[in-house]
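The values are calculated or read from the model by the stated rules, or taken from the named source; none is laboratory data. Worth saying up front: this structure is predicted, and the values here are computed from it rather than measured. Note that each Cβ is placed from the backbone with ideal geometry, even for glycine, and that neighbours are counted across all protein chains shown. Note: areas computed on protein heavy atoms with side chains; ligands, DNA, RNA excluded. Shrake-Rupley method; radii C 1.70, N 1.55, O 1.52, S 1.80 Å.
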Amino acid sequence: MSHALSLKELHDLETTERVASCFSLIGTSVILFTFIYSPAFRKPVNRLIFYASWGNTLCNVATLVSQSGIRAGRDSHLCQFQGFLIQMFLPADALWNLAMAINVYMTLFRRYNAQQLKALEWRYHCMCYGGPFIIALVYIFIETPSKGKIYGPAMLWCWIDIEWVALRIALCYAPAWCCILISFCIYVLAGREIFVKRRQLRAFTKSTRPVPVRIENSFTSFKTTEIQVTSELATLHSPNVSNLCSMPDKENPNMSGKGYDQYSVTIGSAPMSPSSEAPPPNTPRAHSTIAQRNHRATMEANRAAFGYTKVALLFFVSLLVTWVPSSINRVSSLLHPSLVSLPFTYASGIVLPLMGFWNAVIYITTSWAAVRLLFNGKLNKNNGPVKRSSIGLSSWPSLGARKWTGAESDSVKGLAAGHRSRYDQV
């Protein structure tokens, strides 16, 4: 703890903020470019990350200004504008993460498809950008003789002044932590639901495993006979026949006068013995098809569960990494306004500008198959994956998943596993 930071510490802190902001801007640029470029990236979960990226970009514009706003003065337009951007888009990131969790809830428990999820997006915009915009705008016009303007120096950048530190907790960190807790509860419930269904599906697959069945001959009411054909050479002794054979062949004169070896044929029949019956046919093809479908459904459930767990874990870790150090720093400043914690101040200067970077990590993770196709030059700008055939019907290269034959809606794959579904182009 110290009462103030030295000029070198302030300079290092400013450099740290700007480097972290650059990483975040690179990540959001990747999100914006790929989402606009190809429909292969436009899965339901990526749509919300895309919307959140605009706020992350504008927030990083403010963090890039860093302490220049403080040096410009509390009443300067730069300081007030920087404070407005941070107040509006800093809590918006936590709200968009809550919107993503709500999408997971609606998909798993309300069976919403991508069209229905898309219908909720205007509400998400009102919640994530509308509410913070009103609060941030009102702060600009509030000023008292004793405390002055709300926006002012906040160590890292211009934001809510230390004189108004309670507002930082009440209207920024408290709502953010409410979003984190609600999202955590949704992810726990959704994870439990997915793994329960996976266990049920695996049990169903085991219980319906096909057993070899011997099918009796359905034609036992008919008499079965065995036909034997015996042939042997024979010599023609009849003169009539000899004369007949020696007659010239009109069609083939060269063959006239030549004798031929003759043969006799005897055809007989006898009942087929029981031991010589045809073997019973193999297991019906339907049983094999059912087994394959059940196995495929189990594998898809495993993939969906693993994919969901990975994405939910990334969301939760990003929220914790972003908000825990800065929350501790702000609570410390609330309890000890005149003291500065250098480690937590540096931590806040790193994690808060990296919100867009974390969203980019999640975005790339959920779209990794499409990213690989993009780098391999196999993505079409308008139609997603490039067609493999130039004639007739075309096929899309697999993005790493088959159609899930389980009970979940198609958008689960887009939300959980990040695979292409028929709703992805919405």
ask   = Once you list every other residue whose beta carbon is under 13 Å from the beta carbon of K149, what net charge do they have if Lys and Arg are +1 and Asp and Glu are -1?
value = -2
key: Solvent-accessible ranking of D12, D161, largest area first, probe 1.4 Å   = D12, D161
ask   = Counting only the heavy atoms of the protein chains, how much of I182 is accessible to a 1.4 Å probe, in Å² to the nearest 10?
value = 80
task = Binning at 5 Å from 0, report for the stretch 1-79 what percent of all alpha-carbon pair distances ends up in each bin.
result = 3, 14, 18, 16, 15, 11, 9, 7, 4, 2, 0
key: Accessible surface of E17 - all protein chains present, 1.4 Å probe, nearest 10 Å²   = 0
request  = Evaluate the charge dipole of the stretch 34-147 about its Cα centre and quote only its size in Debye, nearest 20, assuming +1 on the Cβ of each Lys and Arg and -1 on the Cβ of each Asp and Glu.
outcome  = 440
query = Three principal axis extents, largest first, for the C-alpha atoms of the stretch 48-121, in Å?
reply = 53, 15, 15
ask   = Can you give the accessible area per residue of the stretch 75-116, in Å², using a 1.4 Å probe?
value = 35
